[in-house]
Each structure stands twice: as C-alpha cells, then as structure tokens.
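Step one of this worksheet: look at the structure below.
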Amino acid sequence: MADVLPQVAEPGTIDRVVLDMLAPWENIDVVAQALIPGGLLICYVATATQLSRVAEDLRADGRFTEPTAWESMVRGWHLEGLAVRPQHRMVGHTGFLIMSRRLADGVAPIVRKRRPAKGAYPADQEWTSEDLGERIPSDKKVRKVRRDVTSELEESQHTEQQD
C-alpha cells in the first residue's frame, strides 16, 4: 500500500481511503499525504488490540480528527412464512471499523479530555474530604447531631434505670 498509493494518486487528491489489512497503522503517513482536508479514513480491524493501535497512532500523527469506532455484529434471521424471528445462534463479533478525517494543514486536532484509568494515581496520595466531594459540616449541624445523640443516650439510660 505504502509504495503503490503515491504512484496512483497525487498528494492531496483522494477523498476516501478504506484499509482492510493486518497493520493499517503502517500506512497512516501515506494516507495522510494522499487525503484532501476533510478526507475520510476507515480501517477494518479484527481485534481490540489492532483497534487500540490504530486509534493511538492516528492521535499521535496529529493530522487526523479524534477517531471513532464501531463494532460489527452479525445476527441472521429465520424467515419462514409468518415465522419471522432472529436465529437462535449469533456470530457475536466480526470486526471493528475505525474512522477519522484528515485535518487541513496547520489545524491542530482537538484534544479530548479523558478520564484517567484506574491506578493512574499513586496509591500513597493523600485524599481530602473535598477531593471526594464531601462537604465539611457546619458548626450548627455538629451541635444538632451532638444534641440528638446526647438526648438519645439520656433516654436509653433513663429506660435502663426504670427496668
């Protein structure tokens, strides 16, 4: 692919490229050179590992929009007279499609803010109640709780003395 595309088309003249191969990330540079601004790149990959690699390489390249992905699933249907229903057996997964558009030269990709993965923060990091979204109770609330607890304690002691 990398050696054929430059011979077939002038740089910046292709509006769509579809890659269905083992390692599509190896051709991102050639595809970026061939695509017009706004041109579409679609890659078909079979595994989540390949999907992740393509997405990360597109982000690292910097000439493409944030990639989006879909999983392709196939479920056949039983068609016999009025008995129309899904088949009992389903092929659960057939592959992934990942899509991204070529940015115009000089346009920076929008960096999407992602939630950090579990374990991204050191285990010894000190957390405060504010970090956890907890509010500090007011003095009035503390006095009320103290009064309620004291009242309940006095009631239980009074009940024990009567027994």
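The values are calculated or read from the model by the stated rules, or taken from the named source; none is laboratory data. Just so we're clear, the structure is a prediction, and the values are computed from it rather than from any experiment. Quick reminder, even Gly has a Cβ in these numbers, built from the backbone with ideal geometry, and neighbours come from all protein chains shown.
For this structure, a couple of remarks:
- Condition met for residue 89 (at pLDDT 75 or above, surrounded by fewer than 10 Cβ atoms within 10 Å (Cβ to Cβ) and either closer than 23 Å to residue 47 by Cα or touching a Leu at 6+ places or on another chain (Cβ under 7 Å) (or both)): yes
- Condition check for residue 95: surrounded by 10 or more Cβ atoms within 10 Å (Cβ to Cβ), modelled with pLDDT of 90 or more and on the phi > 0 side of the Ramachandran plot: yes
- Some residue of the stretch 18-35 being assigned to a helix (DSSP H, G or I), within 21 Å of the chain's Cα centre (by Cα), surrounded by fewer than 17 Cβ atoms within 10 Å (Cβ to Cβ) and not β-branched (Val, Ile, Thr): no
- Filter result for residue 56 (surrounded by 10 or more Cβ atoms within 10 Å (Cβ to Cβ), farther than 26 Å from residue 35 by Cβ, modelled with pLDDT of 80 or more and among the charged types (D, E, K, R)): no
One line per residue, one yes/no per condition, for (1) exposed (fewer than 10 other Cβ atoms within 10 Å of the Cβ); (2) under 23 Å from the mean Cα position of the chain (by Cα); (3) within 24 Å of residue 53 (Cα to Cα); (4) not hydroxyl-bearing (Ser, Thr, Tyr):
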position: 78; (1), (2), (3), (4): no, no, no, yes
position: 102; (1), (2), (3), (4): no, yes, yes, yes
position: 131; (1), (2), (3), (4): yes, no, no, yes
position: 135; (1), (2), (3), (4): yes, no, no, yes
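- The criterion of at least 3 residues that are touching a His at 6+ places or on another chain (Cβ under 8 Å) and not aromatic (Phe, Trp, Tyr) is met by the following strands (runs of 3 or more DSSP E) wholly inside the stretch 60-123: 68-74, 83-86.
- Neighbours by Cβ (under 6 Å, 6+ apart or cross-chain): first from the stretch 18-40, under 15 Å from residue 98 (Cα atoms); second part of a helix (DSSP H, G or I) and not charged (D, E, K, R): 24/54; 25/54
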